[in-house]
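Written below as structure tokens is the structure these notes are about.
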Amino acid sequence: MLNQRTTRTRALLHAVVLIVLLVLVLACAAGSLFFGSRLVPPADVWQGLVHPETAPEDIAVLVREQRLPRMAMGVAVGAALGLAGA
């Protein structure tokens, strides 16, 4: 009985840690869209992602063609390194 409770507790702890780490990765990924050599407000980033035709052209290009691919590549490389055990 004690062993079964310990196993459940560990599984719950692992799930909570995984969720917290996932939220942290998402927060860092979102932050990388806002910060750079030029600070872009979150509303402008959202507008550049969702409605690029109404966003200022420089913001839309900055977010969609520079920061978004860089963020996606960073997340993909980090995941690959994590899976590889590096």
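For the stretch 13-59, the set of residues classified as assigned to a loop (DSSP other than H, G, I, E, B), closer than 22 Å to residue 77 by Cβ and touching a helix residue (DSSP H, G or I) at 6+ places or on another chain (Cβ under 7 Å) consists of 36 only. Could you list, in sequence order, all residues of the stretch 39-73 that are loosely packed, with under 10 Cβ neighbours inside 10 Å and at pLDDT below 90? Correct list: 39, 53, 54. Scanning the stretch 13-38 for residues that are in contact (Cβ under 8 Å) with a residue 24 or more places away in the chain and among the hydrophobic types (A, V, I, L, M, F, W, C), we see that the one that is surrounded by the most Cβ atoms within 10 Å (Cβ to Cβ) is 33. Screening 10, 5 for residues that are in a helix (DSSP H, G or I), surrounded by 10 or more Cβ atoms within 10 Å (Cβ to Cβ), among the basic types (Lys, Arg) and over 16 Å from the mean Cα position of the chain (by Cα) leaves exactly one candidate, 10. The set of residues from the stretch 67-86 being free of Cβ contacts under 8 Å to residues at least 24 places away in the same chain and in a helix (DSSP H, G or I) comprises 69, 72, 73, 76, 77, 79, 80, 81, 82, 83, 84.
The values are calculated or read from the model by the stated rules, or taken from the named source; none is laboratory data. Values in this document were obtained by computation on a predicted structure and should not be read as measured data. Note: ideal-geometry Cβ built from the backbone for every residue, glycine included; neighbour counts use all protein chains shown.
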